[in-house]
1. From the backbone phi of region 110-116, what are the Karplus-calculated ³J(HN,Hα) couplings (6.51 cos²θ - 1.76 cosθ + 1.60, θ = phi - 60°) in whole Hz, Gly and Pro given as x?
2. If you build a Gaussian network model of the chain, linking Cα atoms that sit under 10 Å apart, which residue out of Leu263, Leu239, Leu342 swings the most?
3. If you build a Gaussian network model of the chain, linking Cα atoms that sit under 10 Å apart, which residue out of Phe332, Phe91, Phe215 swings the most?
4. Counting Lys and Arg as +1 and Asp and Glu as -1, each charge on the Cβ, what is the dipole of the chain about the Cα centre in debye, to the nearest 20?
5. Can you list which of the trypsin sites (Lys or Arg not before Pro) found in region 57-130 are DSSP loop residues with at most 12 other C-beta atoms within 10 Å?
6. Step by step: find N for region 209-299, compute 2.2 N^0.38 Å, then divide the Cα radius of gyration by it. What's the final number?
7. Semi-axes, largest first, in whole Å: what does sqrt of 5 times each Cα gyration tensor eigenvalue give for region 67-203?
8. Sort region 1-63 into rounded, prolate or oblate with this rule: let a ≥ b ≥ c be the square roots of the eigenvalues of the Cα gyration tensor; rounded if a/c is under 1.5, and if a/c is not under 1.5, prolate when a/b is larger than b/c, oblate otherwise.
Amino acid sequence: MPLALLALAVVAFGIGTTEFATMGLLPQIADGIDVSVPQAGNIVSAYALGVVVGAPVLTGIGARIPHKRLLLLLSGLFVIGNVASALAPNFGLLFAARFLAGLPHGALFGVGAVVASRLVAPDRAARAVSKMFLGLTVANIVGVPAGTALGQQFGWRSAYVAVAVIGLVALAALAVFVPHQPRGDQSGIRHELRAMGNKQVVIGLATAVVGFGGFFAVYSYLVPMLTNVTGLSDSSTTLVLALYGVGMTLGTLVAGPLTDRALRPTLYAGIALLTSALVVFYFAVHSTVPALITITFIGAMGALITTPVQMLLMAKAKDAPTMAAASNHSAFNLANAGGAWLGGLAISAGWGWNSPALVGAALGVAGLGLAVMGGVMDRGGRRSEVITSSEAQPEQVTAAQSQSG
């Protein structure tokens, strides 16, 4: 079990590295393919678009494929997308390659979360899922700075080659350590789509889009906030982003046990604390030490929300949780795009570089409202159930998330 979870964490590490290292290499990429930096930035959008499209589409296509085989196929596509990115000779082909690399992102996390939850006892399912997510947070501390440094030293293509190598390592680890998990009689695209129509799944995805939009409203403009308001130098911002990653790692570590103990209260508390931290950051950003402390806390609370949302979607989708779990990552990317857009509107309106923090807080309030509404609607109904058996038989349904009802 620990080695299987480690294999899933390596997948998450590779995904996090390829997603965020691109942002640090945009000047080098722009020079390499002879376009402007803003135009090169469109490849970030191409990756995000691939995530949004690929999560439901690929999980739908693979609805009857056993989970381990599907993980291997998706990991292979991830490797191909990054190799294509490294070899792309011009902007058009690089844009297409980044879209291709993004396609398996959400599906890998969704399938991986379902596999992780079934590797352990029902009352430890959230802890297993959070251990997979640790790979993503560690990528922000180690993988992204290392990938950026590698690309700056040896050319931006080398960063994508390194990510492809990580993907191959993950592929081998998945093949060796992850056990076979048959889909059972309840698998298929029809079951997955029916589960997506559950009101609680819809509200959970809306909570992710709106609530996490607040997180990304600040994250997207963190560097210009720190340089223009706090007064940090450009060279210091990389260290600050790593500090953000440390906060995310700490939040992920506590998210699993808390979610296993009380799913909805963990979700409520995480969003409420994130919202409060964003308000504090609006004022704290003027001073270095308070700003750094608040940044770490924002990262922790943002990561704390991820696991309960993921587990809630899997619980409400019942015996067809894969597409719902994968769509969670489409929701996060929509939150990224929406939060960045709204934060940018606030700056453009002349409200100040720190104004995205208040935009984020407003989105946090709205996200908390959606989460509470889901909880109220759920009260009096059936308690949330997570299917922890790969066969998904009725006698094996376990109320692992009983606190979420």
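1. Running phi through 6.51 cos²θ - 1.76 cosθ + 1.60 with θ = phi - 60° gives x, 5, x, 5, 5, 4, 4 Hz.
2. Ranking Leu263, Leu239, Leu342 by mean-square fluctuation puts Leu239 first.
3. Among Phe332, Phe91, Phe215, the largest GNM mean-square fluctuation belongs to Phe91.
4. Details: 20 positive and 13 negative charges, 171 e Å.
Here the chain has a charge dipole of around 820 debye.
5. Those that pass, being in a loop and sparsely packed, are Arg64.
6. Numbers: Rg = 13.7 Å, N = 91, 2.2 N^0.38 = 12.2 Å.
Rg over 2.2 N^0.38 Å, computed on Cα atoms: 1.12.
7. Numbers: eigenvalues 186, 67, 44 Å².
Rounded to whole Å, the semi-axes are 31, 18, 15.
8. Details: a/c = 4.42, a/b = 1.66, b/c = 2.66.
Taking the square roots of the gyration eigenvalues as a ≥ b ≥ c, region 1-63 is oblate.
The values are calculated or read from the model by the stated rules, or taken from the named source; none is laboratory data. Please read these numbers as outputs of a predicted model, since none were measured by experiment. With ideal geometry, Cβ positions are generated from the backbone for all residues, glycine too; neighbour counts draw on all protein chains shown. Accessible surface areas use protein heavy atoms only, side chains included; no ligands, DNA or RNA. Shrake-Rupley method; radii C 1.70, N 1.55, O 1.52, S 1.80 Å.
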